[in-house]
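Working notes, beginning with the structure itself.
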Amino acid sequence: MFKVIEKVAPSNKTKYLLRLYATAAPKTSSNPKREVKKPQENASFMANIFRGSLASTQVFPYPDVLTEEEKELTASLIDPFERFFREVNNAARNDENSQIDEETLNQLWELGAFSIQVPNDFGGLGLNNTQYGRLCQIVGANDLGLGITIGAHQSIGFKGILLYGTPEQKAKYLPQVSTEKVYAAFALTEPSAGSDAGSIKCRAVKSADGKHYILNGSKIWISNGGIADIMTVFAQTEMTDPNTGEKKDKVTAFIVERGFGGVTNGAPEKKMGIKASNTAEVYFEDVKIPIENVLGQEGEGFKVAMNILNNGRFGMGATLSGTMKHCIAKAVEHCNNRTQFGKKLKDYKGIQEKIAQMSLIQYATESMAFQISQNMDAGSQDYHLEAAISKIFASEAAWYVCDESIQILGGMGFMRETGLERVMRDLRIFRIFEGTNDILRLFVALTGIQYAGSHLKELQRAFKNPAANLGLIFKEASRRAASSVGIGGTDLSPFVAPQLTATAKDAAECIDMFGQTVESLLVKYGKNIINEQNVLNRLADAAIDIYSMVVTLSRSTRAVNEKLETAEHELELTKAWCYQANERCRTNLKHATSGGHVNFYKDLSKVAETVLENGGVKTTNIVG
Amino acid sequence: MSRILVGVKRVVDYAVKVRVNPEKTGVVTQGVKHSMNPFDEIAVEEAVKMKEKKLASEVIAVSIGPSQSQEVIRTALAMGADRGIHVEVSGKEYDLLQPIHVSKILAKLALEEKADLVILGKQAIDDDCNQTAQMTAAVLDWPQGTFCNKIEKTDAGLTITREIDGGLETIKTKVPAVLSADLRLNTPRYATLPNIMKAKKKPLKKVGASDLGVDTNPRIDIISVEDPPVRQAGAIVPDVDALVSKLKEGGHC
Ligand SMILES: Cc1cc2nc3c(=O)[nH]c(=O)nc-3n(C[C@H](O)[C@H](O)[C@H](O)COP(=O)(O)OP(=O)(O)OC[C@H]3O[C@@H](n4cnc5c(N)ncnc54)[C@H](O)[C@@H]3O)c2cc1C
Ligand SMILES: Cc1cc2nc3c(=O)[nH]c(=O)nc-3n(C[C@H](O)[C@H](O)[C@H](O)COP(=O)(O)OP(=O)(O)OC[C@H]3O[C@@H](n4cnc5c(N)ncnc54)[C@H](O)[C@@H]3O)c2cc1C
């Protein structure tokens, strides 16, 4: 059986494709030879379930990283933040005007909202990811367009300087973007390079004396592109391989000041939502960038870009969990008061189901966001799969919740003054930018498979030299034996509150089935799995459901252990959520492998090909 | 240049729907959002404004209550007060603390700190007493300016516009004095996050009421706290005539 695995070890071609798909950083080393020798150890719970193993440290127990003092401080920030939105900001007006007025922006700067995570020494608030996430919830509940203005600034705009900046770069730029009202932007996307960010065409050429780069090219749909004076810009640069002398284009990240000259922008784009946020094309014409403005290593720009995006993804989950809370509150207020057919809407089971479903998915979203942020704050480097999942999950959950709120409000929900139609428009972009959900699904599935593949490869090597690796072989053999007779396998019960034992058993079975499914897919498709997007999507959805089960199990167990007043309710939320996630997960795993579905995917491709070729729907009109 | 003492009370937030506790000794405060009494925010704002206009040299925020009262002192510091004094009174003693106790404490502190002005909120939104400023002035034997709508510095002292039933009244007073802030005196700023961070470093002194020589032993007992009576259900009348006759019956017209 291990012969098959030979095919699985990521070839260079596969790695290249993976990189293209990955609008998120591949965690594995870029040196395939080294990697085959020793698969990187990875503490990620999600990565490990791909190889059928349980790495529980990042999921159980639910992390609690803030000190008492940090909790108190966070609590003291909430009120002024909420007050800003209540008393100063007006989301409807920002949407109507397609911009935020000067006075509101000034107050937002004074509030400290543009530099929440910048260290105090540089003029920022110096908060960690979890505290940032808590404030994001408030933003999400109030104004997503404004949220993108401050998010594009700090979550991606200058995040690269925080993550990769030299001491000089930090000292020069962080005070400006924190207190001097200088906006930042993140400029990656180009007209011909969206999801495929590795294919950007912007080019920076080093001057003969090596002191400058000259940048040319253009970027599209850059948030804050029209107002930013400092941008993190990605461009191709020619690199020489020190070993072979071969010349190759590689992406390098730069800190570009508008003041360098040659930086211009287009008119603000007219958009469906997040209108308060400025989106514009940015053009670079012979922009002279001093060499000291290279961000990170030359040629490492793609990694810089992906890590910036990865690092900020949890923030979207936190933000949208706040948005959902707001939508739910609106729906609840309405159905508590509206009477139809002689009864309050709240008394109808159909309405109750909606309110419950909205609450379940909000709970799962929030649980993910704050598990990830806290793992990051605890120093984890292995959060990329989870962060990608939380971005996919949150953006789809929020869309669903807002849509259901509108439905519950009936005609009122459709009216502008209710404020939900704006939220609905604002929400649409979250499934598209910072990695489309489709690409992130592929990323989740393929990164996990690659990780599993490299481990299976190791196992195969162990068989070649059994004497040296008997321990590994026995461990694997007993794991397989245990799962094949249906005992042992994964056991989550030690991690959860006693009330959740049955629920945890369902989740554990899903994890076991998941590992087995991955293995059989690897056996069946080998490296060609990369082309099986229907399968990969089902696998990703199963992974998402598993993660959602585990985070809710973990959080509600915490609620029980800490005797929170809400513990009983959180148990109910968890059980009801997991009941559905469990069923969906099993169905998706079945659909990833069943023969029936393989044929179904072929049929779908055939239908699509016909329509694509025809330039649209190809049926005969019923009435000629 | 004068020193201003402002009182800041920690109260159940105005937006909270209060509930009587099961023991019927007060309202539920556990797990309920608290914040600075809104009239005290106005008092702090006025004091900070006076400091910004260089009419005052220092603003001291005082809160009397359990340890959580320090939260509102921090808020006052974040709004611009220079230092804080927390007079710790907790448990049953705090539950039964009356304006007479508070005013004695404030008077003592005003003298100790050599304050030239004491600015308080006109009332606290929890017990609605509207007594503390007046009593503090009495204990100190200082002039008082209550329900301030406008406070102006003059050579001789202060010119104060007061909100009274019939409209506005203007009075002149010398300092030292005790003032109480009314709703329209100003619009208080909210603490920005950077200022909240900075406030963490401002000095906050803790003292006990007994250190100040004030006896806070309760003089009253709470017998029972009750919810207001629930509104009676209405009745639907068939037409206007029926309505008018019903109203007449009830003596409403
Ligand atoms: C309002 C707004 C703000 C933005 N802000 C910024 C910003 O600040 N900085 C920045 O750099 N960019 C920004 N962007 C760009 C955004 O990140 C891109 O739009 C996004 O990455 C998608 O790229 P694209 O639009 O070119 O779509 P494409 O990449 O062309 O994708 C189109 C569709 O095809 C799918 N697809 C693509 N490749 C595959 C594949 N291999 N297999 C299956 N499906 C595939 C995608 O999922 C998508 O559904 C912004 C965009 C918008 C609209
Ligand atoms: C743009 C627009 C155009 C319109 N045009 C017209 C028009 O031309 N002529 C006209 O007469 N009307 C028109 N309407 C009104 C429209 O038909 C109503 O909005 C619609 O019938 C829903 O009624 P409602 O908004 O009062 O919602 P409600 O009836 O209050 O319903 C609110 C929510 O509760 C649910 N619900 C209600 N009762 C129950 C129950 N018993 N059990 C479970 N769930 C329940 C509903 O499905 C809905 O989700 C229009 C509305 C809009 C927004």
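The values are calculated or read from the model by the stated rules, or taken from the named source; none is laboratory data. Here the structure is a predicted model, which is why all the values come from computation and not from measurement. Every residue, glycine among them, receives a Cβ derived from its backbone with ideal geometry; neighbour counts consider all protein chains shown.
Miscellaneous remarks
- Helices (runs of 4 or more DSSP H) within the stretch B:89-152 that include 1 or more residues of a type in the set (Lys, Arg): B:91-95, B:99-112
- Scope the stretch A:98-117; condition more than 8 Å from chain B (Cβ to nearest Cβ) and charged (D, E, K, R); matching residues: A:Asp101, A:Glu102, A:Glu103
- Within the stretch A:283-301, the set of residues being closer than 20 Å to A:Gly225 by Cα and assigned to a helix (DSSP H, G or I) comprises A:Asn293, A:Gly301.
- In the stretch B:192-203, of all residues being buried (at least 19 other Cβ atoms within 10 Å of the Cβ) and in contact (Cβ under 8 Å) with a residue 40 or more places away in the chain, the one that is nearest to A:Asn106 (Cα to Cα) corresponds to B:Thr192.
- Among the residues making up the stretch A:380-409, those that are within 16 Å of ligand 2 (Cβ to nearest atom) and without any contact (Cβ under 8 Å) to a residue 60 or more places away in the chain are A:Tyr400, A:Asp403, A:Ile406, A:Gln407.
- Assessment of the stretch A:561-576 against the conditions (over 30 Å from A:Ser359 (Cβ atoms), within 29 Å of the chain's Cα centre (by Cα) and away from chain B (no Cβ under 14 Å)) yields no matching residue.
- Which listed residue, of A:Glu110, A:Glu168, is within 20 Å of A:Met231 (Cβ to Cβ), out of contact with any His (no Cβ under 9 Å at 6 or more places or on another chain), of a type in the set (Asp, Glu) and not in a strand (DSSP E or B): A:Glu168
- A:Ile289 on the phi > 0 side of the Ramachandran plot and either touching a strand residue (DSSP E or B) at 6+ places or on another chain (Cβ under 8 Å) or within 14 Å of ligand 1 (Cβ to nearest atom) (or both): no
- Among the candidates A:Asp95, A:Asp121, A:Asp79, residue that is assigned to a helix (DSSP H, G or I), out of contact with any strand residue (DSSP E or B) (no Cβ under 8 Å at 6 or more places or on another chain) and within 13 Å of chain B (Cβ to nearest Cβ): A:Asp121
- Considering the stretch A:526-620, the qualifying helices (runs of 4 or more DSSP H), each wholly inside and each with 1 or more residues that are at pLDDT below 95 and over 28 Å from A:Leu54 (Cβ atoms), run over A:595-614.
- Of all the criteria given as (1) more than 19 Å from the chain's Cα centre (by Cα); (2) part of a helix (DSSP H, G or I); (3) within 16 Å of ligand 1 (Cβ to nearest atom), the one not satisfied by A:Thr104 is (3).
- Filter result for A:Ala581 (more than 24 Å from A:Gln516 (Cβ to Cβ) and in contact with a Ser or Thr (Cβ under 9 Å, 6 or more places away or on another chain)): no
- Against the test of being away from ligand 2 (no atom under 16 Å from the Cβ) and either of a type in the set (Phe, Trp, Tyr) or within 23 Å of A:Leu144 (Cα to Cα) (or both), the options A:Asn243, A:Asn278 yield a single qualifying residue, A:Asn278.
- Restricting A:Phe158, A:Phe186, A:Phe114, A:Phe122 to those that are surrounded by 24 or more Cβ atoms within 10 Å (Cβ to Cβ) and more than 19 Å from A:Ile274 (Cα to Cα) reduces the list to A:Phe158.
- Residue check for B:Leu179: within 14 Å of another protein chain (Cβ to nearest Cβ) and in contact with a strand residue (DSSP E or B) (Cβ under 6 Å, 6 or more places away or on another chain): no
- Any hit, the stretch B:14-26, residues being farther than 21 Å from B:Glu152 by Cβ, surrounded by 15 or more Cβ atoms within 10 Å (Cβ to Cβ) and within 14 Å of another protein chain (Cβ to nearest Cβ): yes
- Unmet criterion (only one of (1) more than 26 Å from A:Ala543 (Cβ to Cβ); (2) more than 16 Å from ligand 2 (Cβ to nearest atom)) for A:Gly312: (1)
- Selected residue (only one of B:Lys198, B:Lys202, B:Lys248 is within 14 Å of chain A (Cβ to nearest Cβ) and modelled with pLDDT under 95): B:Lys198
- Pair list, Cβ < 6 Å and 6+ apart or interchain, from the stretch A:220-240 residues that are more than 25 Å from A:Asp426 (Cα to Cα) to residues that are near ligand 1 (Cβ under 7 Å from one of its atoms) and part of a strand (DSSP E or B): A:Val233/A:Ala187
- So A:Glu246, is it of a type in the set (Asp, Glu), farther than 25 Å from A:Ile432 by Cβ and at pLDDT 95 or above: no
- Residues satisfying the stated conditions in the stretch A:211-229, i.e. surrounded by fewer than 23 Cβ atoms within 10 Å (Cβ to Cβ) and farther than 22 Å from A:Lys271 by Cα: A:Lys211, A:His212, A:Ile214, A:Asn216, A:Gly217, A:Asp229
- Of all residues in the stretch A:340-352 being more than 8 Å from ligand 2 (Cβ to nearest atom) and surrounded by 11 or more Cβ atoms within 10 Å (Cβ to Cβ), the one that is nearest to the other protein chains (Cβ to nearest Cβ): A:Lys344
- The number of residues in the stretch A:598-624 that are touching a helix residue (DSSP H, G or I) at 6+ places or on another chain (Cβ under 6 Å) and touching a residue at least 12 places away in the same chain (Cβ under 8 Å) comes to 1.
- Residues considered: A:Asp426, A:Asp377, A:Asp438. Of these, the only one that is more than 16 Å from ligand 2 (Cβ to nearest atom), crowded, with 24+ Cβ neighbours inside 10 Å, modelled with pLDDT of 95 or more and of a type in the set (Asp, Glu) is A:Asp426.
- Taken over the stretch B:158-191, the criterion of being outside any strand (DSSP E or B), out of contact with any helix residue (DSSP H, G or I) (no Cβ under 7 Å at 6 or more places or on another chain) and crowded, with 18+ Cβ neighbours inside 10 Å is satisfied by B:Pro176, B:Asp182.
- Enumeration of residues in the stretch A:171-208 that are within 13 Å of ligand 1 (Cβ to nearest atom), part of a helix (DSSP H, G or I) and within 22 Å of A:Gly226 (Cα to Cα): A:Ala197
- Matching option when the condition is more than 16 Å from B:Lys9 (Cα to Cα) and within 14 Å of chain A (Cβ to nearest Cβ), among B:Gln70, B:Gln30: B:Gln30
- Single residue of the stretch A:39-76 satisfying the filter (crowded, with 19+ Cβ neighbours inside 10 Å and within 14 Å of another protein chain (Cβ to nearest Cβ)) that is farthest from B:Thr187 (Cα to Cα): A:Leu73
- Answer from A:Ile230, A:Ile255, A:Ile214 - the residue that is within 14 Å of ligand 1 (Cβ to nearest atom) and outside any loop (DSSP other than H, G, I, E, B): A:Ile230
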